[in-house]
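The values are calculated or read from the model by the stated rules, or taken from the named source; none is laboratory data. Given the structure is predicted, the values throughout are model-derived calculations rather than measurements. Cβ sites come from the backbone with ideal geometry, for glycine too, and all protein chains shown count toward neighbours.
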Amino acid sequence: MKIAGTGLIAAGMMILPTMAMSNDFSTATRVQFVMDCMAANEMNVYEGTHKCSCVVDKLAEVFSQKEFEDISVGFMYKNLPADRGATFRDDKNIQTGLKLYEKTSAEAYKACRIK
């Protein structure tokens, strides 16, 4: 019985680093996202905190902190006029990342019941 328990603990220890890496957004990133989400969707504090934190948790399951920051910049700047926004509109890698973000974000908003 002792051997089986030790094996389960060892298996659990191997899974923990994977779980931590898949949800590595910093607290500041999470708070900023929740505040922006609440403002954009005109929610009260209680509802917004729960629903918007749900969305950021779902995004953190798909993206690393670095990927999320890069995609956020691309998302903000893709609508800049002329050459200033061309880098963000024309680059295939950025477009792929933006499409994944838009898809993931739409699914997260639906799952977290934000209209």
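Of note:
- Residue count for segment 42-59, restricted to those that are touching an Asp or Glu at 6+ places or on another chain (Cβ under 9 Å) and closer than 14 Å to Ala106 by Cα: 2
- Members of segment 36-73 found to be among the β-branched types (Val, Ile, Thr) and more than 16 Å from Thr96 (Cβ to Cβ), listed by number: Val45, Thr49, Val55, Val56
- A search for C-beta distances below 9 Å between a residue of segment 19-48 that is farther than 22 Å from Phe63 by Cα and assigned to a helix (DSSP H, G or I) and any residue that is of a type in the set (Phe, Trp, Tyr) and modelled with pLDDT of 95 or more, counting only pairs 6+ apart in sequence or on different chains, returns Asn41/Tyr109.
- Residue satisfying all of: in segment 62-105; among the polar types (S, T, N, Q), surrounded by 12 or more Cβ atoms within 10 Å (Cβ to Cβ) and not in a loop (DSSP other than H, G, I, E, B); modelled with the lowest pLDDT among these: Thr87
- Filter result for Thr49 (of a type outside the set (Asp, Glu), touching a Lys or Arg at 6+ places or on another chain (Cβ under 8 Å) and at pLDDT 95 or above): no
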